[in-house]
Amino acid sequence: MTDRVSDISSPIGLIAGGGVLPFAVADSLVARGIKPVFFALKGVCDPEKVSQFQHHWIAVGQIGKVARLLRAENCRDLAFIGTLIRPALSEIRLDWGTVRVMGHVLAAFRGGDDHLLSGVGRILERDGFRMVGIKDIAPDLLMPAGCLTRKTPDQSATADIAKGLDVLRALSPFDIGQAVVVIDGHVVGVEGIEGTDALLARIAQLRAEGRIRAKTARGVLVKAPKNGQDLRYDLPTLGPRTIENAAAAGLAGMAVVAGNTLVAEPQALVGAADASSLFVVGLPA
């Protein structure tokens, strides 16, 4: 957690993509007396849920419009939250604010997703805003250390976790993904652009095709942020759907880095894991 958590201003702007996480963050802010203002991405953010909050609709690439609206709403601090499929440059809705900084936009698109988000964040910071992360604004959503579930990892799973962390550290410089699946010491899947849920669906399919012959209730999903990653952007996230997909993939459980992983629905996640006899472990940072 940064030292800025006590210095968050109200209202705060939430540039919101898909999923439940933006609304979990908003609820956390409201509970602490901080007003969230949504800048919801068209076609991505849930229109029914966002209607419960002060909000504006924006398209990807409307940097000038976002800056104007942030100033109108008196938002100094802002955060990127939620899922977003990386757009092609041809899909960006250019406004004059974007054209003015087009060189910086092009530079942001040359890297991976983390590079893209941090690049756009730097553009907004040049306009006088301050990018903050969920670690700053909703620390109650961070994964705690230790095992959250009745089931705990056995010796085999512990070894798989260690190997998974080694793999993620080795892949970190290439900005490929934040998750890997290891079964009985074998790396059977690495997260790519498709995301964690699709990775787990691929493992389930490989089992169904007989390509993975290990018994079910074996293997671990390991998630961790990349080395040197700006932790204000794109932290690994867990939710009940992750549990359902891990169970369908025949895994024993999952391990993530405590304090650097988001859990949007912790009670539902633990309940789903216990019902499926999976373990969920928060690893020391």
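The values are calculated or read from the model by the stated rules, or taken from the named source; none is laboratory data. Treat the numbers as computed from the prediction; the structure is a model and nothing was measured. Note that we place each Cβ from the backbone using ideal geometry, even for glycine, and neighbour counts take in every protein chain shown.
Being in a loop (DSSP other than H, G, I, E, B) and either within 23 Å of Pro139 (Cα to Cα) or of a type in the set (A, V, I, L, M) (or both) is the filter; apply it to the stretch 35-45 and report the residue that is farthest from the chain's Cα centre (by Cα). Walk me through it before giving the result.
In the first step, residues of the stretch 35-45 are kept if they are in a loop (DSSP other than H, G, I, E, B); the result is 35, 42-45.
From the residues that got through so far, the ones that are either within 23 Å of Pro139 (Cα to Cα) or of a type in the set (A, V, I, L, M) (or both) too are 35, 44-45.
On the way: Lys35: 22, Val44: 15, Cys45: 15 Å.
Among those that are in a loop (DSSP other than H, G, I, E, B) and either within 23 Å of Pro139 (Cα to Cα) or of a type in the set (A, V, I, L, M) (or both), it is Lys35.
Can you tell me which residue is farthest from the chain's Cα centre (by Cα) among those in the stretch 213-233 that are crowded, with 23+ Cβ neighbours inside 10 Å and part of a loop (DSSP other than H, G, I, E, B)?
Once the filter is applied, the top-ranked residue is Gly219.
I'd like the full set of residues that are of a type outside the set (A, V, I, L, M, F, W, C) and either part of a strand (DSSP E or B) or in contact with a strand residue (DSSP E or B) (Cβ under 7 Å, 6 or more places away or on another chain) (or both), limited to the stretch 5-34.
Result: Ser9, Pro11, Gly13, Gly17, Gly18, Gly19, Pro22.
Taking the stretch 245-263 only, how many residues are in contact (Cβ under 8 Å) with a residue 60 or more places away in the chain and within 25 Å of Leu231 (Cα to Cα)?
Step one: of the stretch 245-263, the residues in contact (Cβ under 8 Å) with a residue 60 or more places away in the chain are 249, 251-253, 255-263.
Restricting the remaining residues to those that are within 25 Å of Leu231 (Cα to Cα) gives 253, 255-263.
Going through the stretch 245-263 one residue at a time, the tally reaches 10.
Please list, ordered by first then second residue, the pairs with beta carbon atoms under 8 Å, 6 or more apart or interchain, first in the stretch 50-65 and buried (at least 19 other Cβ atoms within 10 Å of the Cβ), second assigned to a loop (DSSP other than H, G, I, E, B) and modelled with pLDDT of 85 or more.
If the second residue must be assigned to a loop (DSSP other than H, G, I, E, B) and modelled with pLDDT of 85 or more, the pairs left are Ile58/Lys42.
Restricting to the stretch 202-218, name every residue that is out of contact with any helix residue (DSSP H, G or I) (no Cβ under 6 Å at 6 or more places or on another chain) and either closer than 23 Å to Thr152 by Cα or of a type in the set (D, E, K, R) (or both).
Arg202, Ile203, Arg207, Glu209, Arg211, Arg213, Ala214, Lys215, Thr216, Ala217, Arg218
Here is a list: Glu265, Glu209, Glu194. Which entry is within 23 Å of Thr83 (Cβ to Cβ), surrounded by fewer than 17 Cβ atoms within 10 Å (Cβ to Cβ) and of a type outside the set (Ser, Thr, Tyr)?
Glu194
Counting residues that are closer than 17 Å to Leu221 by Cα and at pLDDT 85 or above, which helices (runs of 4 or more DSSP H) fully inside the stretch 93-198 reach at least 3?
155-171
Just to check your reading of the model, which residue among Gly210, Gly192, Gly228, Gly164 is farther than 21 Å from Asp274 by Cβ, assigned by TED's automatic domain parsing to the domain that holds Ala273 and touching a strand residue (DSSP E or B) at 6+ places or on another chain (Cβ under 8 Å)? Outline the logic, then answer.
Values: Gly210 fails: touching a strand residue (DSSP E or B) at 6+ places or on another chain (Cβ under 8 Å); Gly192 fails: touching a strand residue (DSSP E or B) at 6+ places or on another chain (Cβ under 8 Å); Gly228 fails: touching a strand residue (DSSP E or B) at 6+ places or on another chain (Cβ under 8 Å).
Going through Gly210, Gly192, Gly228, Gly164 in turn, the sole match is Gly164.
Restricting the search to the stretch 254-275, which residues are within 18 Å of Ile161 (Cβ to Cβ) and more than 19 Å from the chain's Cα centre (by Cα)?
Selection gives Ala273 alone.
Within the stretch 241-256, can one find any residue that is farther than 15 Å from Leu200 by Cα, in contact with a Pro (Cβ under 7 Å, 6 or more places away or on another chain) and either assigned by TED's automatic domain parsing to the domain that holds Pro22 or not β-branched (Val, Ile, Thr) (or both)?
no
Could you look through the stretch 56-73, keep only residues that are under 25 Å from Leu231 (Cα atoms) and not in a helix (DSSP H, G or I), and pick out the one that is modelled with the lowest pLDDT?
Gly61
Being surrounded by fewer than 24 Cβ atoms within 10 Å (Cβ to Cβ) and either touching a Phe, Trp or Tyr at 6+ places or on another chain (Cβ under 6 Å) or not in a strand (DSSP E or B) (or both) is the filter here, so list the residues in the stretch 243-260 that pass it. Spell out how you get there, then give the answer.
Of the residues in the stretch 243-260, the ones surrounded by fewer than 24 Cβ atoms within 10 Å (Cβ to Cβ) are 244-245, 247-248, 250, 252, 257-260.
Result: Glu244, Asn245, Ala247, Ala248, Gly250, Ala252, Ala258, Gly259, Asn260.
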